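Report on one structure; see the data block that follows.
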Amino acid sequence: MRRCIDVDRVDLFIPEISVVGGFSITSTPRLLRDRGIIQLAVKESDHPPAAWIHNKCHIGSRVSIRCGGYFFYDESLGGSLNDLLLIGGGVGITPIASIIQSAIELREESEKEETKPAVNQIVLLYSAVETGEFLFENRFRYLSDRHPFFQVRFHITGKENGCVPEGFYYGRIDSSLLHQTVQLLDVSRLLCYVCGPPPMIESMCMSLKDGGVEQSRILYEKWW
């Protein structure tokens, strides 16, 4: 299980199902190290592995797993005191949820031990078609209320009936918003994580580079 610590996804091999299930890890490396637990994001659907998890899986069920992926927070990438900018579109938020929790845990550890923090500011820009599609919304709002260094913006990209609800913004995450956000952070120590549909990834990465962020500090994972 230790090989699953610094990864972002799990392939699930279920004995009675020929289809392999691939799911994002939403928990942190600490949870795996301390308690041997991996938490996955599994949307209920007719996809055989997902359907098995929701309808047949129980305590004691045995499966095989293969861990992989490189989309996780590696504090060594930018040295100490990184600023983090995370951009998620739709279900692309799932691996980002783990990155946010991991970064906050590192910040809490440094404050407890009175050492120089690995993380300074964390900003999440998250877009979805409608309010009901924001995964982990309550978790992110709770973390933002609890930690002043973590800020989150929820952007609705679809048509909403009436006014935009309080706590949400209307419109896509665009280059203007990205440039404004980057200016509020330390671009020399900024790490950017982007996950969502390919067109969104390409647009965000281009806007970040235009805003002065080095290519080596932009990490992304495309959801097809």
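Miscellaneous remarks
- Of all the residues in the stretch 211-222, those that are under 20 Å from Ser24 (Cβ atoms) and open to solvent by 60 Å² or more (accessible area, probe 1.4 Å) number 2.
- Pairing each residue of the stretch 103-115 that is hydroxyl-bearing (Ser, Thr, Tyr) with any residue that is open to solvent by less than 40 Å² (accessible area, probe 1.4 Å), provided the two are 6+ apart or on different chains, yields C-beta distances under 7 Å for Ser110/Pro117; Ser110/Ala118.
- Residue match in the stretch 199-210 (condition: surrounded by fewer than 19 Cβ atoms within 10 Å (Cβ to Cβ) and not in a helix (DSSP H, G or I)): no
- Members of the stretch 48-83 found to be modelled with pLDDT of 90 or more and loosely packed, with under 14 Cβ neighbours inside 10 Å, listed by number: His54, Asn55, Lys56, His58, Ile59, Gly60, Ser61, Arg62, Ser64
- For the stretch 135-146, a residue qualifies if it is in contact (Cβ under 8 Å) with a residue 40 or more places away in the chain and either more than 20 Å from Arg107 (Cβ to Cβ) or open to solvent by 60 Å² or more (accessible area, probe 1.4 Å) (or both), and the qualifying residues are Leu135, Arg139.
- One residue stands out in the stretch 178-192 among those that are over 14 Å from Gln151 (Cα atoms) and touching a strand residue (DSSP E or B) at 6+ places or on another chain (Cβ under 6 Å): the one that is most open to solvent (accessible area, probe 1.4 Å), namely Arg189.
- Helices (runs of 4 or more DSSP H) lying entirely in the stretch 75-188 (those with 3 or more residues that are within 16 Å of Thr26 (Cβ to Cβ)): 93-113, 137-146
- Residue within the stretch 147-167 that is open to solvent by 50 Å² or more (accessible area, probe 1.4 Å), out of contact with any Asp or Glu (no Cβ under 9 Å at 6 or more places or on another chain), modelled with pLDDT of 95 or more and closer than 28 Å to Gly132 by Cα present: yes
- Any pair with Cβ under 7 angstrom, 6 or more apart, that starts in the stretch 26-55 at a residue that is touching a residue at least 60 places away in the same chain (Cβ under 8 Å) and ends at one that is open to solvent by 80 Å² or more (accessible area, probe 1.4 Å) and of a type outside the set (A, V, I, L, M): Thr26/Gln39; Ser27/Gln39; Pro29/Asp6
- For the stretch 18-36, the criterion of being in contact with a strand residue (DSSP E or B) (Cβ under 9 Å, 6 or more places away or on another chain), of a type in the set (A, V, I, L, M) and assigned to a loop (DSSP other than H, G, I, E, B) is met by at least one residue.
The values are calculated or read from the model by the stated rules, or taken from the named source; none is laboratory data. Remember, predicted model here, so these are calculated numbers, not experimental data. Quick reminder, even Gly has a Cβ in these numbers, built from the backbone with ideal geometry, and neighbours come from all protein chains shown. Ligands, DNA and RNA are stripped out before the accessible areas are found, and what is left, the full protein with its side chains, is counted by its heavy atoms. Shrake-Rupley method; radii C 1.70, N 1.55, O 1.52, S 1.80 Å.
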